[in-house]
Amino acid sequence: NIKLTGEDGPFIFSDSLMYRVNSDNKLLVSPIFNRDSIIVKVDNIDKNEFFFSLNSKYKIPKTVYEAPEKMVVISDIEGNYEAFAGFLFSNKIIDENHNWIYNNGHLVLVGDFVDRGKNVTQVLWLIYKLDQQAKKQNGHVHFILGNHEILNFQGDHRYNRSKYINVAQEISQLKSKKEAIKFMYTKESELGKWLATKNVIEKIGDYIFVHAGLSPEILEYQLLLRDINKLVRTRFSAVELPKNKTINFLYSTKGPFWYRGLVKPRFE
């Protein structure tokens, strides 16, 4: 008797098994019959839908890019499909069918697209879809991870809606909320496997993008940008960090996806 509310999913595992919550709040499971046309149903008044193709290979993106002809930057959507899709449509990045129309432009997503909202999986699948489509037009989607993506990797569920905790427990068959959420973002999960390739810092043209900020103390570690991405990626799912001073710093409140020191003093 799990408590689910509205359309959600799909939740895809092992490249072959698909779970989804239907409009009757029932969790359904089925094999994937068509990898090139998987439907996503949005839990909203308009009952929006879109389709995506399931990728077969995931590649770690570069850390440094040349400046594009045009670029749009947004962050902190946190499961709000209405705000995200509306923003993309209004800025002529997608059409009414959720297809990429931004040509060779770059869309930069600076973290925190999960948690809090009621359409987290729908937001992620939309990014997943655009990530593929943009490349076919020489464009690019930069999904730079924020602290909330990292928290989910580690099973920290404090900002998850209860329906996501419940569905995670049901799919994983794990009673522990932490372990259930971690399972949803492991490499057994299609979204988890895809997200694990993403960076926490990128340089595009003359701009450096991170979710939070860069503490002056990071200079003491003499790291290349690609070193930051590599070190953070090795510990996505680790709750207890190893005795490694550099990795501990990157995951601390002074790391690139947590640091607020460049902004907070102005409001204190």
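The values are calculated or read from the model by the stated rules, or taken from the named source; none is laboratory data. Keep in mind that what you see is a predicted model, and the values were worked out from it rather than measured. As a convention, Cβ positions derive from the backbone with ideal geometry for all residues, glycine included, and neighbour counts pool all protein chains shown. Protein only, heavy atoms only, side chains kept; ligands, DNA and RNA dropped before computing areas. Shrake-Rupley method; radii C 1.70, N 1.55, O 1.52, S 1.80 Å.
S23 versus S53, label points 7 Å from Cα toward the beta carbon: distance in nm?
3.0 nm
With the alpha-carbon atoms as the only input, what is the per residue convex hull volume for region 1-135 in Å³? Walk me through the numbers before you get to the answer.
Numbers: hull volume 16.6 nm³, N = 135.
Taking only Cα atoms, region 1-135 has a hull volume of 123 Å³ per residue.
When only alpha-carbon atoms count, how far does region 160-231 stretch along each of its three principal axes, as whole angstroms with the largest first?
In descending order, the Cα extents are 45, 23, 19 Å.
Do any GluC sites (Glu not before Pro) in region 165-209 lie in a DSSP loop with no more than 10 other beta carbon atoms within 10 Å, and if so, which? Working shown, then result.
On the way: sites: E170, E179, E188, E190, E202; in loops: E188.
Qualifying residues, ordered by number: none.
To check you understand DSSP bridge types, tell me what percent of the beta bridges within the chain (both residues inside) are antiparallel, rounded to 5.
60 percent
Heavy-atom accessible area per residue, the chain, 1.4 Å probe: how many Å²?
Result: 51 Å² of accessible area for each residue.
Under a plain spin-label model, where a point goes 7 Å from the Cα along Cα-to-Cβ, how far apart in nm are K62 and N44?
3.3 nm
In sequence order, what are the phi-derived ³J(HN,Hα) couplings for region 30-44 according to the Karplus relation 6.51 cos²θ - 1.76 cosθ + 1.60 with θ = phi - 60°, rounded to whole Hz, with x for glycine and proline?
Taking θ as phi minus 60°, the curve returns 7, x, 8, 8, 9, 5, 8, 7, 9, 8, 10, 10, 8, 8, 8 Hz for region 30-44.
Before rounding to the nearest 500, sum -39500 (n - 2.57) across all DSSP H runs of length at least 4 in the chain and divide by the residue total; then give [θ] at 222 nm in deg cm²/dmol. Spell out each step's value before the answer.
Working: 8 runs with 74 residues, N = 268.
Only helices count here, giving -8000 deg cm²/dmol.
Express the Stokes-Einstein translational diffusion coefficient of the chain in µm² s⁻¹, to the nearest whole number, given a Kirkwood radius over alpha-carbon pairs, 4 °C and a viscosity of 1.567 mPa s.
Estimated via Stokes-Einstein, D reaches 68 µm²/s.
Using a probe of 1.4 angstrom, how much of the accessible area of region 119-268 is carbon and sulfur, in percent?
On the way: 3610 of 7310 Å².
Solvent-exposed carbon and sulfur of region 119-268 make up 49 percent of the total.
For region 81-153, what D do you get in µm² per second when you plug the Kirkwood radius from alpha-carbon pairs into Stokes-Einstein at 4 °C and 1.567 mPa s? Please list the in-between numbers first.
Details: Rh = 12.5 Å.
The Stokes-Einstein estimate is 103 µm²/s.
Expressed in nm to one decimal, what extension gain is obtained for the pair Q137 and E96 from 0.36 nm per residue of sequence separation less their Cα-Cα distance? Walk me through the numbers on the way to the answer.
Details: separation 41, 0.36 × 41 = 14.76 nm, distance 1.81 nm.
Residue separation times 0.36 nm, minus the Cα-Cα distance, leaves 13.0 nm.
Sort 97-106, 76-85, 158-167 by packing, meaning the average of other beta carbons within 10 Å per residue, with the highest value first.
76-85, 158-167, 97-106
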